[in-house]
Amino acid sequence: MRADALAQPYLCTNATGVLVQAKKKCRTGHFWVLALIGELYTAEQAAQATAAGDAGILLAERHARVAPIVEAIRTWVAGQRALPQSTLGKALAYTTELWPGLVAFLDHAAIPLDNNATERALRGIALGRNYADLPIMQSRAVMRSPTTTSAAANVA
């Protein structure tokens with residue numbers, strides 16, 4: 001396993017977002033892959049429930065339940081043809097480029113399927129940063145980071 005795949009697990013959320021944007025701009029019926037991504041989340045939830053915190057069981061469940069869906073998604077992505085600068089072409093290129101990070105969770109129980117919790121926690125920091133130029137917001141932007149970090153770490 002490459003270290004950068006663990007350092008930056010691109011995970012399903014980002015690729016799904018790119019595919020959803022492509023679907024909004026394209027009028028084709030070939031986006032059943034989004035239903036597969038829904039199945040992926042359902043299978044992961046079932047694997048998590050069965051594993052009940054045991055990493056070895058989780059990995060076995062992921063390989064049994066989740067890996068076939070991931071393979072179907074990979075096959076779909078590889079089989080698509082689109083102009084490179086089209087929305088679909090960009091979505092396919094993005095997904096292909098990040099594939100090692102997208103599937104890293106299959107071999108490492110500690111890696112979640114998506115990074116939604118992390119992105120939600122960082123959203124407040126990012127929003128505060130946007131207003132950092134305003135004098136009234138400078139102190140709030142600085143204080144938001146430690147507050148969010150300690151909340152995520154369950155520090156009182």
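Observations on the structure shown:
- Answer residue from region 52-63, given it is among the hydrophobic types (A, V, I, L, M, F, W, C) and touching a residue at least 12 places away in the same chain (Cβ under 8 Å) and is farthest from T96 (Cα to Cα) among those: A55
- Within region 31-43, residues that are assigned by TED's automatic domain parsing to the domain that holds R74 sit with their Cβ atoms under 7 Å from residues that are modelled with pLDDT under 85 and among the polar types (S, T, N, Q), at 6+ positions apart or across chains, in these pairs: I37/T16.
- Residues of region 87-98 that are of a type in the set (A, V, I, L, M, F, W, C) and in contact with a helix residue (DSSP H, G or I) (Cβ under 7 Å, 6 or more places away or on another chain): L88, A91, L92, L98.
- In region 60-76, the qualifying residues are those that are among the hydrophobic types (A, V, I, L, M, F, W, C) and surrounded by fewer than 18 Cβ atoms within 10 Å (Cβ to Cβ), and the one that is nearest to the chain's Cα centre (by Cα) is A67.
- Near pairs, Cβ below 6 angstrom, 6+ apart or cross-chain, from region 86-113 (touching a residue at least 40 places away in the same chain (Cβ under 8 Å)) to any residue that is surrounded by 17 or more Cβ atoms within 10 Å (Cβ to Cβ) and of a type in the set (D, E): L113/E44
The values are calculated or read from the model by the stated rules, or taken from the named source; none is laboratory data. Bear in mind the structure is a predicted one, so any value in this text is a computation, not a measurement. Backbone-built Cβ (ideal geometry, glycine too); neighbour counts: all protein chains shown.
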